[in-house]
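See below for the structure under consideration.
The values are calculated or read from the model by the stated rules, or taken from the named source; none is laboratory data. Just so it is clear, the model here is predicted, and its values are computed rather than measured. Please note: Cβ atoms are built from the backbone with ideal geometry, for glycine as well, and neighbour counts cover all protein chains shown. Just so you know, the surface numbers come from the protein's heavy atoms only, side chains and all, with ligands and any DNA or RNA stripped out. Shrake-Rupley method; radii C 1.70, N 1.55, O 1.52, S 1.80 Å.
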Amino acid sequence: MKPGKFDFELYVGATFREKLECYDETGSLVKLNGYDATLQIRKRPNQQKLLELTTENGGLTLGGSLGTIEILISSAATLSLKNKFQTGQNFVYDLKLIAPNGDSFPILEGKIIPKIMVTQ
């Protein structure tokens, strides 16, 4: 399975929340009952992970038969990334599903584009 590509904007210091729907190659909704998931953020592919979200740590919530994946990054976690990027530099991420039998499937990857909020 080849992962889809999608880029996110992440406002540093703000809570990030995104809900995705998971479909297979035929366009059918994927039931995620019994699955786990992991999302890792890095400066560049194959470098040390800066942040990991999982179903176990509450960063990812799977919607079972609804086929949804909710990503949640707390404002404190987005703020912790502030000192790890330079202006104009993006992060990369990958999102994997882990089947009940332990098989791992990459489903989404892309860039996370950090944005600094302007305060008045």
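For the chain, the square roots of the Cα gyration tensor eigenvalues, ordered a ≥ b ≥ c, give a/c of at least 1.5 with a/b greater than b/c, which places it in the prolate category. Here are some pairs, K31/K111; K2/K43; K31/K82; K43/K96; which of them have Cα atoms lying more than 29 Å apart in this structure? Result: K31/K82 exceed 29 Å. When the Cα positions of F85, L60, G34 are compared along the charge dipole of region 1-115, F85 comes out farthest toward the positive end, with charges on each C-beta of Lys, Arg, Asp and Glu.
Ranking K84, K2 by solvent-accessible area of protein heavy atoms (1.4 Å probe, all protein chains present), from largest to smallest, gives K2, K84.
The Cβ shell under 10 Å around G110 holds other residues with a net charge of -1, Lys and Arg each +1, Asp and Glu each -1. A Förster radius of 25 Å, combined with the Cβ-Cβ distance separating I116 from R17, puts the computed FRET efficiency at roughly 0.85.
With contacts taken as Cα pairs under 8 Å at a separation of at least 6 residues, the chain carries a relative contact order of 38 percent.
Ranking I113, L97, G4 by Cα position along the charge dipole of the chain, where only Lys, Arg, Asp and Glu carry charges on their C-beta atoms, puts I113 farthest toward the positive end. For region 1-101, the dipole from Cβ point charges (+1 on Lys and Arg, -1 on Asp and Glu) about the Cα centre works out to 440 debye, to the nearest 20. Annotation: L29 carries an accessible surface of approximately 70 Å², with a 1.4 Å probe and no ligand, DNA or RNA atoms counted.
Is the shape of region 1-47 best called rounded, prolate or oblate, per the rule: a/c under 1.5 gives rounded, else a/b larger than b/c gives prolate, else oblate, with a ≥ b ≥ c the square roots of the Cα gyration tensor eigenvalues? Since a/c reaches 1.5 and a/b is larger than b/c, the shape of region 1-47 is classed as prolate. Accessible area of E18 (1.4 Å probe, protein heavy atoms only, ligands and nucleic acids ignored): about 60 Å².
For the chain, the 222 nm mean residue ellipticity estimated from helices alone, with every DSSP H stretch of n ≥ 4 adding -39500 (n - 2.57) and the total spread over all residues, rounds to -1000 deg cm²/dmol. Full extension of the chain between R44 and D7 gives 11.9 nm of extra length, using 0.36 nm per residue less the Cα-Cα distance.
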